[in-house]
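For reference, the structure discussed in these notes is given below.
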Amino acid sequence: MKRLVASFVLVILGSTAARAADYEVDCRLGQGDPKGNRAAGTLKVVSAPNLVVKSGEAASVLVGGQLPIGGQYVPVGREVEITATARDNGAIRVKVVLKVHTKVGGGAAPQVSTVSQETTATIQPGEMVRVEIGNDPKDRQWADVTVRKMK
């Protein structure tokens, strides 16, 4: 299910013809200690989608699903929203919002709790921006976003 949602978004965004102000975005969503490693079990890469983003417009990926609550569908899982904007000097202004939507409660009245963290940075093409949620290394959620100009 997680891979299906990410793949679906890629098809929609990937079909856009590349223009001079478009960017290729590599996004890596993880859980655990970002400085850990997979072999030791301290790092888990949840998803690693690639997106095409037009300068100044937001693109997002939901890795998870949706729950029907109160007549509407509410996201559950990890969501990352990325906005890359061209600067005059060739730099890229990148805004990354990481959200973790968690189902709480159960039975006939489930709810969704959302925790989010946002960061904005000006980078050169090919550089990375990281945003993290949580202090516990075992339960930390993070996103690494690398932005390059489309060729």
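The values are calculated or read from the model by the stated rules, or taken from the named source; none is laboratory data. In this text, all values refer to a predicted model and were calculated from it rather than measured experimentally. Note that each Cβ is placed from the backbone with ideal geometry, even for glycine, and that neighbours are counted across all protein chains shown. The area values use the complete protein model at the heavy-atom level, side chains included, leaving out ligands, DNA and RNA. Shrake-Rupley method; radii C 1.70, N 1.55, O 1.52, S 1.80 Å.
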Worksheet item: Looking at the stretch 18-43, which of the residues that are hydrophobic (A, V, I, L, M, F, W, C) and either open to solvent by 40 Å² or more (accessible area, probe 1.4 Å) or at pLDDT below 75 (or both) is nearest to A58 (Cα to Cα)?
Response: A21
Worksheet, complete the sentence: The residue from V46, V9, V112 that alone is touching a His at 6+ places or on another chain (Cβ under 7 Å) and at pLDDT below 95 is V112
Response to the item:
S15 passes all but one of the listed conditions (1) out of contact with any strand residue (DSSP E or B) (no Cβ under 6 Å at 6 or more places or on another chain); (2) modelled with pLDDT of 95 or more; (3) not β-branched (V, I, T); the exception is number (2)
Discussion item. Out of the residues in the stretch 117-151 meeting the condition of being open to solvent by 70 Å² or more (accessible area, probe 1.4 Å), assigned to a strand (DSSP E or B) and of a type in the set (S, T, N, Q), tell me which one is nearest to G77 (Cα to Cα).
Written reply: Q117
Fill in: Subset of the stretch 72-116 [surrounded by fewer than 14 Cβ atoms within 10 Å (Cβ to Cβ) and touching a residue at least 12 places away in the same chain (Cβ under 8 Å)]
R87, G90, T102, Q111, S113, T114, V115, S116
